2 protein chains.
Amino acid sequence: MAYAEQYIEKLRKSGLRPTKQRIKICEVLFDAEKTFHFTIKELVKIIENQANIKVSLATVYNTVHAFMKKGYLKEIPLNASQSYYDTNVTHHHHFFDEEENKLIDIHQDDVDEVNIKRTIPGKKIRSVEVIAKIVSDNQSQK
Amino acid sequence: MAYAEQYIEKLRKSGLRPTKQRIKICEVLFDAEKTFHFTIKELVKIIENQANIKVSLATVYNTVHAFMKKGYLKEIPLNASQSYYDTNVTHHHHFFDEEENKLIDIHQDDVDEVNIKRTIPGKKIRSVEVIAKIVSDNQSQK
DNA sequence: TCAACAGTTTAGAATAAATATAATATATTA
DNA sequence: TAATATATTATATTTATTCTAAACTGTTGA
């Protein structure tokens, strides 16, 4: 199956018609060999550099949100001024480098399963995310 | 030691002079029997209702940030439109109820220690936070 | 007592992310 | 292809947060 067809399917499943702009967004997000982290602003910049088509902010926001809702993208819980998204939707965790403002994946196997002994009546856990904030370790320099 | 003196000490240690406004903020944040979660907007509203003194948004932001820097408050990593803060600075975790937009503390003892096997050269872990998102469990109704 | 000053408070302006709007353009369908 | 339903876009709006500059407070030292 050609890439374009995969994208059209992803879009349709997300309740979106496949348009030039949306397919371009798919190319950037899902073509990559590796998964990656991005902000809306970064995504728009990548598209601008790669493509000969123009995509407005609104379209990018709408498309990203539709993919999130469908589970093709994940939002990473961070207290940043802008939202960070992840094309890796498998269960995994993150380091956040506070000095370089960069996210690093932590594979699920690298974290023992997080076992929460407490429950809330009438509620179930939908997701468990671990954020480990990291900084330079100057002690290790000596 | 009277409460006011504790607050004055907290303020001085945070590099702030004890002023009427700042002491009022301390009263709201640190007088409570229990620790609690709040947004800046909520904090301002509480002060408005309780106090006969006026406190501007800027003063609240500045004071909260100074307390954060000193470790008297913690920011909770959430992708919300506004920042959530916690007066409980002990090591603990959170449920986030996505339907009611409410935070619930999870005591450290209720989570087995999160053991991250991966390391990043030259970096050390400063904090590890677990956010468990919860939703209604309709299955349990039957 | 007062002048000088360092730090505060405040209202309002500025910034920036995210969302809404409404006119125009495009895709789908029958 | 015509009719319709949905998308795209530029622009305006909203909202949290930060910045600014002027007025204020309290302390110190002559």
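Every number in this text was worked out from the coordinates using simple rules, so none of it is lab data. Quick caveat, the model's predicted, so the values are computed rather than measured. We place every Cβ from the backbone using ideal geometry, glycine too, and count neighbours over all the protein chains shown.
Summary of computed values
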item	result
So B:Thr90, is it buried (at least 16 other Cβ atoms within 10 Å of the Cβ) and not hydrophobic (A, V, I, L, M, F, W, C)	no
Residue count, segment B:84-96 (criterion: touching a helix residue (DSSP H, G or I) at 6+ places or on another chain (Cβ under 7 Å) and within 11 Å of DNA strand D (Cβ to nearest atom))	1
Those residues of segment A:43-86 which are of a type in the set (Asp, Glu) and surrounded by 15 or more Cβ atoms within 10 Å (Cβ to Cβ), in sequence order	A:Asp86
Residue that is farthest from DNA strand C (Cβ to nearest atom) [pool: residues in segment B:62-81 that are within 13 Å of the chain's Cα centre (by Cα) and over 13 Å from B:Leu11 (Cα atoms)]	B:Lys74
Residue match in segment A:113-131 (condition: surrounded by 13 or more Cβ atoms within 10 Å (Cβ to Cβ), touching a Leu at 6+ places or on another chain (Cβ under 8 Å) and outside any helix (DSSP H, G or I))	yes
Extreme residue, farthest from DNA strand C (Cβ to nearest atom), among residues of segment A:52-61 that are closer than 20 Å to B:Ser81 by Cβ and touching a residue at least 12 places away in the same chain (Cβ under 8 Å)	A:Val60
Options B:Lys74, B:Lys70; residue that is touching a helix residue (DSSP H, G or I) at 6+ places or on another chain (Cβ under 9 Å), within 28 Å of A:Thr39 (Cα to Cα) and among the basic types (Lys, Arg)	B:Lys74
Criterion (over 11 Å from the mean Cα position of the chain (by Cα) and closer than 25 Å to B:Leu78 by Cβ) met by exactly one of A:Phe96, A:Phe38	A:Phe96
Pairs where the first residue, in segment A:14-31, is part of a loop (DSSP other than H, G, I, E, B) and the second is aliphatic (A, V, I, L, M), C-beta under 9 Å, 6+ apart	A:Ser14/A:Ala66; A:Gly15/A:Ala66; A:Leu16/A:Ala66; A:Arg17/A:Leu11; A:Pro18/A:Ala4; A:Pro18/A:Ile8; A:Pro18/A:Leu11; A:Thr19/A:Leu11
Hits in segment B:32-61 (condition: within 11 Å of DNA strand D (Cβ to nearest atom), outside any helix (DSSP H, G or I) and farther than 22 Å from B:Val89 by Cβ)	B:Ser56
All positions within segment A:98-112 that are within 15 Å of B:Lys124 (Cα to Cα), more than 7 Å from every other protein chain (Cβ to nearest Cβ) and surrounded by 16 or more Cβ atoms within 10 Å (Cβ to Cβ)	A:Leu103
Single residue of segment A:65-89 satisfying the filter (free of Cβ contacts under 8 Å to residues at least 12 places away in the same chain and part of a loop (DSSP other than H, G, I, E, B)) that is nearest to the other protein chains (Cβ to nearest Cβ)	A:Asn79
